[in-house]
Amino acid sequence: MDLSKLREKLLAGAIGRAALRAVEFFYALGVKLNNYAFDKGWRPSRAVNTRVVCIGNITAGGTGKTTAVLLAAAQLARAGVRTAIVSRGYKRSGSKKGEITVIFDNARPDWRQTGDEPYMMASLLAPYKVPVLVSADRYAAANEALRRFKSQVVLLDDGFQHRRLRRDADIILIDAKNPFGGGRLLPFGTLREPASALKRAALAIITHSDLTPARRVEDIKDQIRLINEDIEILCAVHKPDYFFDLAAQARVELADLKGAAAVFSAIGEPESFEQTLRNIGIDIKRAWRFADHASYTLDDMRNFEALRGGLPLITTFKDAVKLPEGWQDAVKGRLYILAVNMEIADGALPAFMEALYPGAGKNK
């Protein structure tokens, strides 16, 4: 079931809104009690004998977390810092309780065993030799990263609410287009926890800052500082880099693909993906949107092929890892991936690096 569509349907009616408010009340109570227990030390946070940095958010949906983790890992690797990523692996299947799945070099499990995002990150970071460890027990996974890879930094992917693993720094991503989830907690709004949780963060990054008026970005900064006056705040933009032709296994420059196309995606914020394509000259004639993390079947691929009208198909790296076996027989025309990178704005990459690993931001 696509929970986002169900939520939209419920929000459209008075009874549905009342039901969401009731669930929100109990969800908020659970969040408050959980955080209170950690704050008081009643629930312990366990430390690992290496630096742990969390990159997360306080809202559900597309803040750009994955691209931030990719940027962090690549930059740390370039700086010579041994880095690993630990992830929960959302919607993965076939794993036993406490099992740690490692994606590194020739160890390439099926993406369903790891989740789509960890698998994608491992694939894109393969040139940098960054291992990705997937487990519900992120403390155990972080220890395994230290034991097996001697990691100097463990990046905790999307773990701001996972307080059982102690971290040295929390980096929070805030989407400039919807920074505080409408001020309401799940499921009525999109906040995972109240904005007051920003008190725990050392660094905030306002993403998609180029898609919002500058005055609005400054207002968001002011709101963040009202909660945490000591927090450092950076801005970031997402920029398309190139297309990748899946059939030819070749890079295609952005300027070489223009005009009409059809697109499909199963991501948190398909609107941003589609708008990015429009901004670089792609005229979207047909768009298929699936629930975040959804997988594809051969019937889906045949449907794309039948209805695209001869147009090139464009998707994301996250979606490409989920193409079903035999998709090449179903899709005869062109199929491209759009590569999008996060860039820290205003020359502030060294500040980002310092938050990740003190000393790594020097001379960057």
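Here, each number is a calculation from the coordinates, and none is a lab measurement. Treat the numbers as computed from the prediction; the structure is a model and nothing was measured. All Cβ positions, even for glycine, are placed from backbone atoms using ideal geometry, and neighbour counts span all protein chains on display.
Can you sort V48, V252, V69 by how many other beta carbons sit within 10 Å, fewest first? The partial results should precede the final answer.
Working: V48 22, V252 17, V69 28.
Lowest count first: V252, V48, V69.
What nm value, rounded to one decimal, do you get for the distance between R215 and D39 when each label is placed 7 Å out toward the C-beta?
Output for this residue pair reads 3.5 nm.
Among F317, F25, F273, which one shows the biggest mean-square fluctuation in a GNM of the chain, springs joining Cα atoms closer than 10 Å?
F25
If you take the charge dipole of the chain about its Cα centre, with +1 on Lys and Arg Cβ and -1 on Asp and Glu Cβ, which of N279, I231, A348 is farthest toward its positive end?
Checking the options against the dipole of the chain, the answer is I231.
Once you list every other residue whose beta carbon is under 9 Å from the beta carbon of A330, what net charge do they have if Lys and Arg are +1 and Asp and Glu are -1? Mind showing how you got there, number by number?
Working: positive: R302, K332; negative: D299, D300, E305, D329.
Taking every Cβ under 9 Å from that of A330, the sum is -2.
Looking at G41, N106, I206, which one has the Cα that reaches farthest to the positive end of the dipole of the chain (charges on Cβ: Lys, Arg +1; Asp, Glu -1)?
G41
So which of K239/K285; K150/K318; K129/K258; K32/K239; K318/K362 end up more than 30 Å apart, counting from Cα to Cα? Intermediate results must be reported in sequence, preceding the final value.
On the way: K239/K285 22 Å; K150/K318 28 Å; K129/K258 34 Å; K32/K239 37 Å; K318/K362 32 Å.
Beyond 30 Å: K129/K258; K32/K239; K318/K362.
On a full-extension model of 0.36 nm per residue, what is the gain between K5 and N303, subtracting their alpha-carbon distance, rounded to one decimal in nm? It would help to have the intermediate numbers written out before the result.
On the way: separation 298, 0.36 × 298 = 107.28 nm, distance 2.17 nm.
Difference between extended and current length: 105.1 nm.
What is the fewest-to-most order of I206, I231 by other Cβ atoms lying within 10 Å of their Cβ? It would help to have the intermediate numbers written out before the result.
Working: I206 25, I231 18.
The most exposed by this proxy come first: I231, I206.
Where does the charge balance sit around T297 when Lys and Arg score +1, Asp and Glu -1, over other residues with C-beta under 14 Å from its C-beta? Before the final figure, lay out each step's value.
On the way: positive: R112, R302, K322; negative: D299, D300, E305, D319, E325, D329.
Neighbour charge sum, excluding T297 itself: -3.
Let's see if you can work this out: charge +1 on each Lys and Arg Cβ, -1 on each Asp and Glu Cβ, no other charges. What is the dipole magnitude of the chain about its Cα centre, in debye to the nearest 20?
Numbers: 53 positive and 42 negative charges, 213 e Å.
I would put it at about 1020 debye.
Which one of I85, I55, I282 has the biggest mean-square fluctuation once the chain is modelled by GNM with Cα springs under 10 Å?
Highest fluctuation of the listed residues: I282.
How large is the helix-only mean residue ellipticity at 222 nm for the chain, computed as the sum of -39500 (n - 2.57) over DSSP H runs with n ≥ 4, divided by its residue count, in deg cm²/dmol to the nearest 500? Please report the intermediate quantities before stating the final value.
Numbers: 12 runs with 124 residues, N = 364.
About -10000 deg cm²/dmol.
Looking at G310, A248, L298, which one has the Cα that reaches farthest to the positive end of the dipole of region 240-341 (charges on Cβ: Lys, Arg +1; Asp, Glu -1)?
Positive-most Cα among the choices belongs to G310.
Counting Lys and Arg as +1 and Asp and Glu as -1, each charge on the Cβ, what is the dipole of region 240-341 about the Cα centre in debye, to the nearest 20? All intermediate terms of the calculation are to be shown ahead of the outcome.
On the way: 12 positive and 15 negative charges, 50 e Å.
Magnitude of the dipole: close to 240 debye.
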